[in-house]
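Down below is the structure, laid out as structure tokens.
The values are calculated or read from the model by the stated rules, or taken from the named source; none is laboratory data. Note that the structure is predicted; figures quoted are calculated from it, not measured. Note that each Cβ is placed from the backbone with ideal geometry, even for glycine, and that neighbours are counted across all protein chains shown.
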Ligand code: B12
């Protein structure tokens, strides 16, 4: 008897058939039927449809439902807070659980931003924000997908995120800090050759007598010990952590020193990098 024949003779075919019988394991759960998503999605219309459209990353549907809601007399702020933001909360939940991936985040982020534009037009002005955050990609670095996610999450959570773009000269970052006086900053670098921009920015800030409660530094090539080798900075792990870090500065007056010690608590989950 060959090795394979021997192995096959020992395998319990019934067990295999049962293990992969999806009927016994229950039907596949759609994003909308996930129990945690159900708990987040609003019950009333038009908010439910708006949030579901964001969850599915269906921009056309999101804009059309937002327009419908505004036309039927819903206030733009309610549309934003009870519809669009709830959709992003649900997206966040599925991403955290590992059911949604980066492309899902980006599609939903676009739907949320388009819906936001419609609501702000009806509002006649930009919706009130919690505070200003300056976001940039390090000088010399063209990788901006992570930074775009950071900006999207900050805006989805009510922050006025000033997006300086990618390959931002250090002096432009300093100018933006002078101009906007942000409560928090985020920097992203994906190359070992560009992440050195972070300590240079901090040095320039100090030379100019400027201080920011914390600068979240993240990106593929960046490591925690590198970020913690210079002041004013905290290592940022996931883009959706950014608004939670900003909230901790606003609400609890946390500084970069506190965040370094309490990162997992602040973002509300176990973060292995901070173990
Ligand atoms: C996509 C990509 C590109 C695209 C970028 C498109 C774009 N618009 O961004 C293009 C094709 C342009 C590109 C070009 C290059 N690339 Co490239 N690229 C990648 C790739 C495949 C994915 C990067 C990415 O987007 N990841 C996904 C995003 C979401 O991750 P992220 O930015 O890190 O963000 C996450 C976290 O870090 C966090 N985060 C980020 N910032 C912050 C901030 C805060 C506050 C917080 C809380 C969290 C946070 O949030 C996100 C997760 O939620 C990587 C390989 C890899 N697998 O990583 C190589 C990679 C980054 N590239 C690399 C290189 C070398 C280059 C080139 C120099 C190649 C070349 N020789 O031409 C060029 C750049 C040329 C130039 N102009 O200088 C190298 C870098 C090596 C290194 N360590 O230095 C990599 C690692 C590939 C490799 N293995 O060699 N690239």
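A few notes on this one:
- Checking residue 103 against (1) in contact with a helix residue (DSSP H, G or I) (Cβ under 7 Å, 6 or more places away or on another chain); (2) within 24 Å of residue 240 (Cα to Cα), the condition it does not meet: (1)
- Single match in 197, 246 (criterion: under 19 Å from the mean Cα position of the chain (by Cα) and under 21 Å from residue 147 (Cβ atoms)): 246
- Residue that is touching a helix residue (DSSP H, G or I) at 6+ places or on another chain (Cβ under 8 Å), over 22 Å from residue 43 (Cα atoms) and within 16 Å of the ligand (Cβ to nearest atom), where the choices are 139, 93, 114: 139
- Test for residue 98: is it within 16 Å of the ligand (Cβ to nearest atom), free of Cβ contacts under 8 Å to residues at least 24 places away in the same chain, outside any helix (DSSP H, G or I) and outside the structural domain of residue 149 (by TED's automatic domain parsing): yes
- Residue satisfying condition, being assigned to a helix (DSSP H, G or I) and farther than 30 Å from residue 29 by Cβ, within set 139, 114, 120: 120
- Hits in region 207-219 - residues which are more than 16 Å from the ligand (Cβ to nearest atom) and in contact (Cβ under 8 Å) with a residue 12 or more places away in the chain: 208, 210, 211
- Filtered by the rule that a residue be over 18 Å from the mean Cα position of the chain (by Cα), closer than 21 Å to residue 151 by Cβ and surrounded by fewer than 24 Cβ atoms within 10 Å (Cβ to Cβ), region 60-91 gives a lone residue, 63.
- Flag for residue 150 being over 13 Å from the mean Cα position of the chain (by Cα) and within 10 Å of the ligand (Cβ to nearest atom): no
- Selection of region 173-194 for residues being surrounded by fewer than 16 Cβ atoms within 10 Å (Cβ to Cβ) and within 16 Å of the ligand (Cβ to nearest atom) yields 192, 193.
- Residue count for region 92-125, restricted to those that are exposed (fewer than 14 other Cβ atoms within 10 Å of the Cβ) and under 16 Å from residue 59 (Cβ atoms): 3.
- Across region 161-172, the qualifying residues are those that are within 14 Å of the ligand (Cβ to nearest atom) and closer than 20 Å to residue 206 by Cβ, and the one among them that is surrounded by the fewest Cβ atoms within 10 Å (Cβ to Cβ) is 164.
- Within region 227-243, restricting attention to residues that are at pLDDT 95 or above and within 12 Å of the ligand (Cβ to nearest atom), the residue that is nearest to the chain's Cα centre (by Cα) is 242.
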